[in-house]
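Take a look at the structure set out below.
Just so it is clear, none of the values below were taken in a lab; they were calculated from the coordinates. As the structure is a computational prediction, the values presented were derived from the model and not from experiment. Cβ coordinates were reconstructed from backbone atoms using ideal geometry, including for glycine residues, and neighbour counts include every protein chain displayed.
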Ligand SMILES: Nc1nc2c(c(=O)[nH]1)N[C@H]1C(S)=C(S)[C@@H](COP(=O)(O)OP(=O)(O)OC[C@H]3O[C@@H](n4cnc5c(=O)[nH]c(N)nc54)[C@H](O)[C@@H]3O)O[C@H]1N2
Ligand SMILES: Nc1nc2c(c(=O)[nH]1)N[C@H]1C(S)=C(S)[C@@H](COP(=O)(O)OP(=O)(O)OC[C@H]3O[C@@H](n4cnc5c(=O)[nH]c(N)nc54)[C@H](O)[C@@H]3O)O[C@H]1N2
Ligand code: SF4
Ligand code: SF4
Ligand code: SF4
Ligand code: SF4
Ligand code: SF4
Ligand SMILES: [Mo]
């Protein structure tokens, strides 16, 4: 770190010192990690090149196993993306004051992972060169098209929703003048934190927060519908919309928790991601774990109880057939572990939540696998289901999976180098105003202390 | 209103498989290498499905030739984002190869699993290219294909009929599989035309369609074997 | 939402242009490339011809575009195939454009089998052949020329015979694919040819192991009969399959009776027992036309049991049920169904004869047809006569030829099987291999690949090593060809003229005609043309014996016989045919064509000639035996059995033969069967078929064997494992398929398949060598094997 920058940094108030430090100071560990990730990304890209050159045959896909890793990742990443925007919006709308330090990191997850979610279906195309046919020959009947639209919308919305609340902080960076002044001058868009500017900002954020919620929900609902709209056993289900949304938020929370723990260690933000945050987030995780179980149970019971032969073939394939391992692993990861841990206060610590979070992320990936693959290899027509269909992902698919994952983490790391990962001004605001406003608000919930009326 | 359809009499079908090969020959269906075939990537627009029940010596096996059902209410067409699979006014469900983006959504949506994907560019032993049928598109890499009711034959037949200015006759338009079937098990024609055999056969007491309960309205009927 | 014009052009474009790419087993593959280049329609033609892919010879129509054969469909005018074809026939286009086809003569330059060849001109090839053969005649040893020919019915066969006769060699070894049924007919009816079956009009078809829907003599004949029948829907016959294996035929037949291996004959006589007991047989027919039914006395006055007594004594239903494994009530029901009215026919499968007691079993099966008198009747057994072709020009013999013909043929055997030629090809090889000095200097192979197809390839290898000049006419470098000195590739089926008479299984004489659909490669040579050229080159009596400038001329000369025969007609649609038959029945015959040229033109256009009138009243079509009666107990057979010493009686003998059993080392019975997709014994399958050689099990490109789930479990072998099929004589590699339709302890082994790398997988080369002493035919189902995991 150049010492003039160090000097400038030293002159800033404590919050800003800690939170802006990552922007100007980078450890060698960071570079190493980034390097490794970059290599993985490169590897993934080469794999994709081969696939484009020779055809999807380079995957392990076949007939009737038409969809595999890519579609699983698509659903998975988009699910993760529900972390930020949706959660932070809900917290904002519900005036949950403890949100202040975590919203920013969450919103970043959304914007960055969304891209990686969106490219997966394109990677899955036999003819990526014809992608634009989706516009030239758009057929609105197709859920795939609904999805294109809602994801597009969600992406724009959450980007704005990430940017607007960041403006004051960008202004702060600009004024601190510790890094690429022109860049932050541009982004800060002449924000001077005047009262009326602040007021307008608050209002816009308020409106956005309300707007993005339905959009976010629509996104995963529609992804659920992509499957539900077909007549395939264990896809053709009315609860897939909500089921997918719940799952998305569930995995989102897990992702945030992991991010929080990592950031906390990496940038020593222990003071900002406090035990209480992990406690509350842990509770949220618990709630959604239970919700997820409820939906899953409902889904499978319905299938099982109906005993429709086609459904049962897939059902047994999952519960006691070739897919029993991923299935029960999923149950353990999404239900047993998180519930067992998060139901105990003592475990709602950084470490506890990290374990739970990782378990859930893995579990939710498996959930998508268990939705996509078993149904695919068990066609509805009994004469087709000779039982010898199979799916083994090829190294190309796995490389691309690794590549996208690494790509996301890499971008997230880079982002922390350009933007304060915890909202500075919201912290300030919290200290200066919320404390009083909240006190006042709480007071307003309570009955007036009135003297007993005199009488005999 | 013309609605092309097929009736397959399972009481006559011997499962000889001539229809399969005739279809491959007529429609330039590529062969795949042994490894690919083992992976389940072989093509067969017409496939004689088999089902074995019981064990030796109390065993039975049934055969069921399976083309595309050309559903009147085709799920595959519903889900295609670019309309690369479409149903024409006469009920033939076709593919527009140059438009297909290869998402394979239609393949997943088809309850009868009759759609085949070109995982690689199609291949032939070099010499075998000579017998490619010029009337039929060769599918490129990365698109979906399936039985077309030999639609190109209809176009031909129409032209010929027009040239001789007469109406289209039942025998003018017969798909390759129906034409070759040595037992006469496959009957093809206009389901709406009283002068065509299928018109009567489709209401035969033995007539049934696959998974009718799905409401896909297949235009391929089966006559179940006599007891 | 039809394709936009651009989309249309674009895709049409892709129908052109290809580019070399990835390679697959032995074959060079090409990959389609997208290309904007448009494609414009070419000149299209449709012509009649005949399918020469297998011995059945169905009628075809070829569709050519710009001289390329694009597709093969059925010829609706052909009375046997009626516009239908089997998968092999449809896939014929891939045979024609087979990647491994040889287009020009090749002369060996390196050591034998080293695979070094020099491509030479047809003239040079013929020249070489002529000089080599001329030398033999000059040396006065014409008999040292031998010809081994595979299936080549019609004029090709005749041409070879004539050529050799004129040349002066008795060593024409034609594999006429003996299946023993001809021996049965020779004994019973005095008619030495395979029986024809009027399946189309049969009420009940009772097939004993004949793979009617697989690789029968004419599967399409069976398909047509099964699917359409003669009177259409109303009178479609009922098909009942008696088979040890749950074959594809058994699977589709209306009924399947699984019997113990080699007990077909016993079951047949069990049925006869019921017929006789219940007086359900055709007593009147038997009385008028059959001898050997009742007891009688022989020349020496000793009393002899007749068919009736033998059957009644030895085939009580319970016993038959015990031996065959068929429940009593099914036997009785079946017998009654068989006797219930006319049009019930028992079809004798080649495999019934391929058993230690083959001949007797065949006799037993056919006796059912005799009992119900269903000979020469609609829906019964018929003996088609040959088409009335004009005979060849007279063969002229010079002294050299006379001398050569007088010498004993190489394949002659000291103790010949009395009622059959046995496997002549194998015998020939053995003779050459074991003779002190090779009796043969020049060997010509036509349609024959013994190294791959003969049960004893080792004999053939030895024999070939001892023959100084080996020529093959195979258009493929098959196993034998690769050890030859000279390859003069024949034209492929769709490129050549050939007559295509229907196989004997079809009850009417049909002379199909194969005409070229596409131009042959410039340097390939029709084998017939080669023979004629050589004859011309040899000059003298040989040339005079074959005075035809080319094969079409020869065929025309023979067709004149049809034109002047005043019977039959060039192929016509069903109305024409029926009309003609009715006219002929009334003794009328009206010429369709006024002069021969018109007749020939019609013949070529329509694809052949047929005479669908069968005169059942003609007694010579019932029996041509000395007694003029149908012999249920032929004396010759009685004598042969007595000669065997162990007092065996014709029919009774069957029940005494104890079924062979496996050993500890080789516990599983090998069940060879011919896959229906197999077109030729050893030619690797057409890609479309190789990719899916059978509907079930689901295998691709590789040979497989089928075993029962329990058997597989017992062996600890899972579905899809690569295994060695091991017999005392040898082993081959295959993929194991668990198939509930396989009998316990048996290995169903399809034959005619190869590994993608060309390695043979021929169960027939594991056969233990058991033969039926009476016919000399190998027993196909008495060999036992074990399965070993191949790592
Ligand atoms: N497509 C086609 N057809 C052909 C030919 C061809 O090249 N291609 N070639 C022709 C030739 S050369 C021949 S020789 C014939 C061969 O024709 P077949 O002699 O009929 O030979 P496979 O088809 O092997 O029939 C063997 C049948 O016998 C049954 N079998 C099994 N075990 C036993 C047993 O213990 N006893 C009895 N009796 N039967 C048993 C098997 O189940 C099997 O169905 O095919 C002719 N037809
Ligand atoms: N592996 C295997 N062995 C078998 C059999 C089997 O099915 N499979 N069947 C057994 C039986 S029943 C019999 S009858 C024998 C038959 O065995 P063969 O009499 O040897 O007949 P194929 O084995 O059919 O060999 C025919 C050969 O002729 C060549 N050929 C193909 N087309 C043409 C052509 O158009 N013109 C000419 N001139 N040659 C051509 C091919 O190279 C092919 O190898 O084999 C027996 N052995
Ligand atoms: S061709 Fe006819 S008989 Fe043969 S399998 Fe196809 S439908 Fe059945
Ligand atoms: S069968 Fe499948 S592919 Fe054919 S129309 Fe129906 S849904 Fe579409
Ligand atoms: S694969 Fe092609 S045809 Fe099928 S849905 Fe996708 S774009 Fe449409
Ligand atoms: S109708 Fe044409 S495309 Fe469809 S299965 Fe039959 S032959 Fe093939
Ligand atoms: S049965 Fe033989 S002749 Fe007839 S079509 Fe098939 S291969 Fe050709
Ligand atoms: Mo044979």
Fluctuation leader among B:141, B:24, B:202 - chain B, Gaussian network, Cα springs under 10 angstrom = B:141
Please work out the Cα convex hull volume for region A:188-256 and give it in Å³ per residue.
-> 116
Fraction of alpha-carbon pairs over 20 Å apart in region C:179-249 - percent | 35
What does the convex hull of the alpha-carbon atoms of region A:138-197 project to on average, in nm²?
-> 6.0
For region C:152-271, what is Rg from Cα atoms divided by 2.2 N^0.38 Å, rounded to two decimals?
-> 1.33
Return the Cα extents of region A:53-129 along principal axes one, two and three, sorted largest first, each rounded to a whole Å.
-> 53, 23, 14
If you find the alpha carbon centre of region A:387-448 and of region A:246-307, how far apart are they in angstrom?
-> 12
Mean projection area, nm², convex hull over Cα of region A:337-379 | 3.1
How far, in nm, would the chain grow between residue C:278 and residue C:601 when pulled straight, counting 0.36 nm per residue and subtracting the alpha carbon separation?
-> 110.7 nm
Over all Cα pairs of region C:62-148, how is the pair count split among 10 Å bins, expressed in % and running from 0 up to the last occupied bin?
-> 13, 24, 24, 22, 16, 1
For chain C, the longest principal axis of the Cα atoms and the Cα long axis of helix C:122-138 enclose an angle in degrees, to the nearest 10, of 60
Throw me the Rg/Rh for region C:661-791, computed over C-alpha atoms with Kirkwood Rh, two decimals.
-> 0.95
Chain A, helix-only ellipticity at 222 nm - DSSP H runs n ≥ 4, -39,500 (n - 2.57), divided by all residues, nearest 500 | -23000 deg cm²/dmol
Percent antiparallel among DSSP beta bridges confined to region C:685-791, rounded to 5, stands at 80
Largest to smallest principal axis extent of the C-alpha atoms in region B:170-227, angstrom | 33, 27, 19
Taking the alpha-carbon centre of each part, the distance from region C:556-595 to region C:724-791 in Å is 48
Taking 0.36 nm per residue of separation between residue C:299 and residue C:656 and subtracting their Cα-Cα distance, the length gained on full extension comes to 125.8 nm
If you wrap region A:26-92's Cα atoms in a convex hull and average its projection over all directions, what's the area in nm²?
-> 7.5
Calculate the translational D of region A:85-172 in whole µm² s⁻¹ from Stokes-Einstein, where the hydrodynamic radius comes from the Kirkwood formula applied to all Cα pairs, the temperature is 25 °C and the viscosity 0.890 mPa s.
-> 163
With N residues in region C:477-551, what two-decimal value do you get for its Cα radius of gyration over 2.2 N^0.38 Å?
-> 1.36
Semi-axes of the equivalent ellipsoid of region B:94-140: what are they in whole Å, largest first, if each equals the square root of 5 times a C-alpha gyration tensor eigenvalue?
-> 24, 12, 11
DSSP beta bridge pairing in the protein assembly as shown, given as percent antiparallel to the nearest 5 = 65
Structure-based [θ]222 nm, chain C - -39500 (n - 2.57) summed over DSSP H runs of at least 4, per residue, nearest 500 = -9000 deg cm²/dmol
Roughly what % of DSSP beta bridges within region C:647-743 run antiparallel, to the nearest 5?
-> 60
Expressed in angstrom, Rg and Dmax over the Cα atoms of region B:93-227 are 17.6, 49
Put one equal scatterer on each alpha carbon of region C:575-723, apply the Debye formula with no solvent term, and list log10 I(q)/I(0) at q = 0.11 1/Å to two decimals.
-> -0.97
With an 8 Å cut-off on Cα pairs and a minimum separation of 6 or more residues, tell me the relative contact order of region B:50-206 in percent.
-> 15
For each of C:53, A:5, C:352, count neighbouring Cβ atoms within 10 Å of the residue's Cβ, then give the residues from fewest to most.
-> A:5, C:53, C:352
Degrees between helix A:28-54 axis and first principal axis of chain A (Cα, 0 to 90, nearest 10) = 30
What fraction, in whole percent, of alpha-carbon pairs in region C:696-768 exceed 18 Å separation?
-> 34
Placing each pseudo-label 7 Å from Cα in the direction of the beta carbon, residue A:432 and residue C:333 end up separated by a distance in nanometres of 9.8
In what sequence do A:362, A:87 fall when counting other Cβ within 10 Å, fewest first?
-> A:362, A:87
Taking only the C-alpha atoms, wrap a convex hull around chain C and report its volume per residue in Å³ as a whole number.
-> 195
What's the exposure ranking of A:302, B:113, C:249, going from fewest to most Cβ atoms within 10 Å?
-> A:302, B:113, C:249
For chain B, what log10 I(q)/I(0) values come out of the Debye formula at q = 0.09, 0.17 1/Å, with one point per alpha carbon and no solvent?
-> -0.38, -1.38
Indicate the gyration tensor shape class of region A:277-328 (rounded, prolate or oblate), computed on the Cα atoms with a ≥ b ≥ c the square roots of the eigenvalues: a/c under 1.5 is rounded; otherwise a/b larger than b/c is prolate and the rest oblate.
-> oblate
In a Debye calculation with equal point scatterers on the alpha-carbon sites of region A:334-456 and no solvent, what is log10 I(q)/I(0) at q = 0.11, 0.23 Å⁻¹?
-> -0.80, -1.21
For the protein assembly as shown, which semi-axes, largest first and in whole Å, follow from the square roots of 5 times the eigenvalues of its Cα gyration tensor?
-> 77, 34, 31
Using a cut-off of under 16 Å, list every residue of region C:363-401 whose amide N is near the label point 7 Å from the Cα of residue C:560 along the Cα-to-beta-carbon line.
-> C:388-395
What FRET efficiency, computed as 1/(1 + (r/R0)^6) with R0 = 45 Å and r the Cβ-Cβ distance, is obtained for residue A:27 and residue A:141, rounded to the nearest 0.05?
-> 0.30
In Å, what Rg and Dmax follow from the Cα atoms of region C:548-612?
-> 12.3, 41
Taking region C:482-604 on its own, what percent of its Cα-Cα pair distances exceed 17 Å?
-> 68
Per Stokes-Einstein, at 25 °C and 0.890 mPa s, what whole-number D in µm² s⁻¹ belongs to region C:651-728, with the Kirkwood radius over Cα pairs as the hydrodynamic radius?
-> 158
Size of region C:389-534 along its principal axes in angstrom, Cα-based, largest extent first?
-> 48, 37, 34
In whole angstrom, note down how far apart the Cα centers of region C:222-284 and region A:159-210 are.
-> 91
